[in-house]
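Here is the structure we will look at, set down as structure tokens.
The values are calculated or read from the model by the stated rules, or taken from the named source; none is laboratory data. These numbers come from a predicted model, not from an experiment. Cβ placement follows ideal geometry from the backbone for every residue including glycine, while neighbour counts extend to all protein chains displayed. Ligands, DNA and RNA are excluded from the accessible area calculation, which covers all protein heavy atoms including side chains. Shrake-Rupley method; radii C 1.70, N 1.55, O 1.52, S 1.80 Å.
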Amino acid sequence: MTKIAVIAANGRLGRAFVAKALEAGHSVRAGVRDTNDLLAHPRLEVVSCDATSTRDVMNLLKNQEVVVSAIGHVKGSTPDVQTKATNTIIQAMNELGISRYVDVTGTGVRFPGDKITLIDRFLNLGVSVVDPDRVNDGKAHQEVLKASTIHWTTIRVLKLQNVKPRPYILKLHGPTKVYVGRDEVASAMLEVIEKDSFIQQAPIISYT
């Protein structure tokens with residue numbers, strides 16, 4: 001059993017991850033910003049947490065072994081919410097002696113060697129025009145992680161969909177699956193925790 005702290009646990013991806021982690025036998029301390037709609041469970045503790053507040057994050061992460069962030073851009077969030085939260089989380093992890101961190105971002109965050117499909121290029125071009133803050137924030141947060149010494153893994157996905165989970169494989173450079181459900185992303189995040197894989201890497205959810 002691993003003690004996992006989850007940032008943004010009451011979002012759609014956060015809820016999916018919490019459910020999978022509990023089902024797999026882990027304990028979860030869930031950080032929620034506003035309302036809590038997580039179902040009660042003997043291995044689940046829910047605490048109030050603003051991911052940009054050092055005090056809140058320190059309280060959430062205390063005595064935990066792994067940190068998972070399900071932060072995404074939602075209505076009302078600041079343009080740099082992911083980068084701000086990542087800085088706060090890394091600071092708290094360093095102070096508390098926690099090394100393992102897993103989060104998620106878009107495939108618009110590129111790495112040398114990525115296999116970029118036409119639809120990936122097209123959709124990310126659209127997002128960069130309509131919502132450039134989200135793309136820039138994803139890139140900036142990744143630079144924060146790369147400059148750190150923690151054992152981070154970022155799961156990259158083209159676009160989160162409300163679709164049923166299907167077989168996938170994590171590939172360091174893709175190519176990306178077009179349709180990816182939140183349950184798949186949650187499973188991938190739990191997979192790299194349990195296997196302790198893709199340390200300081202950003203694999204893409206790809207086709208099997």
Check: If Gln91 satisfies every condition in (1) surrounded by 13 or more Cβ atoms within 10 Å (Cβ to Cβ); (2) out of contact with any Asp or Glu (no Cβ under 8 Å at 6 or more places or on another chain); (3) not in a helix (DSSP H, G or I); (4) not charged (D, E, K, R) but one, which is the exception?
Finding: (3)
Next item on the list: For region 34-46, indicate whether the set of residues that are modelled with pLDDT of 95 or more and under 30 Å from Pro132 (Cα atoms) is non-empty.
Entry: no
Notebook entry, point to check: Give me the pairs: first residue in region 81-101 and at pLDDT below 95, second residue in a helix (DSSP H, G or I), beta-carbon distance under 8 Å, and six or more apart or on different chains, which are they?
Noted result: Val81/Asp137
Next item on the list: Name every residue in region 163-181 that is open to solvent by 20 Å² or more (accessible area, probe 1.4 Å) and either in a loop (DSSP other than H, G, I, E, B) or modelled with pLDDT under 95 (or both), in order of residue number.
Entry: Val163, Lys164, Pro165, Arg166, Pro167, Tyr168, Leu172, His173, Pro175, Val178, Tyr179
Check: Is one or more of the residues making up region 61-80 closer than 26 Å to Lys139 by Cα, open to solvent by 40 Å² or more (accessible area, probe 1.4 Å), among the acidic types (Asp, Glu) and at pLDDT below 95?
Finding: yes
Check: Would region 124-140 turn up any residue that is farther than 27 Å from Ala5 by Cβ, without any contact (Cβ under 8 Å) to a residue 60 or more places away in the chain and small (Gly, Ala, Ser)?
Finding: yes
Next item on the list: Any residue in region 167-187 that's closer than 9 Å to Ile205 by Cα and in contact (Cβ under 8 Å) with a residue 12 or more places away in the chain: show its pairings with residues that are open to solvent by less than 40 Å² (accessible area, probe 1.4 Å) and basic (Lys, Arg) at Cβ separation under 7 Å, as long as the two are six or more apart or on different chains.
Entry: Tyr168/Lys177
Note to self: Against the conditions (1) open to solvent by 10 Å² or more (accessible area, probe 1.4 Å); (2) at pLDDT 95 or above; (3) in a helix (DSSP H, G or I); (4) among the polar types (S, T, N, Q), where does Thr105 fall short? Just the number, please.
What the structure shows: (3)
Notebook entry, point to check: Of the residues that make up region 122-131, is at least one of a type in the set (Asp, Glu) and in contact with a His (Cβ under 8 Å, 6 or more places away or on another chain)?
Noted result: yes
Margin query: Checking the conditions here, which among Leu190, Leu160 is more than 25 Å from Ser27 (Cβ to Cβ) and surrounded by 15 or more Cβ atoms within 10 Å (Cβ to Cβ)?
Written below: Leu160
Check: Could you list, in sequence order, the residues of region 24-47 that are part of a strand (DSSP E or B) and either touching a helix residue (DSSP H, G or I) at 6+ places or on another chain (Cβ under 7 Å) or buried (at least 20 other Cβ atoms within 10 Å of the Cβ) (or both)?
Finding: Val28, Arg29, Ala30, Gly31, Val32, Leu44, Val47
Next item on the list: From the list Ile71, Ile119, pick out the single residue that is in a helix (DSSP H, G or I), β-branched (Val, Ile, Thr) and at negative phi.
Entry: Ile119
Check: Looking at (1) small (Gly, Ala, Ser); (2) assigned to a loop (DSSP other than H, G, I, E, B); (3) crowded, with 16+ Cβ neighbours inside 10 Å, can you tell me which one Ala21 breaks?
Finding: (2)
Item checked: Selection within region 140-157 - assigned to a loop (DSSP other than H, G, I, E, B) and open to solvent by 10 Å² or more (accessible area, probe 1.4 Å) -> Ala147, Ser148, Thr149
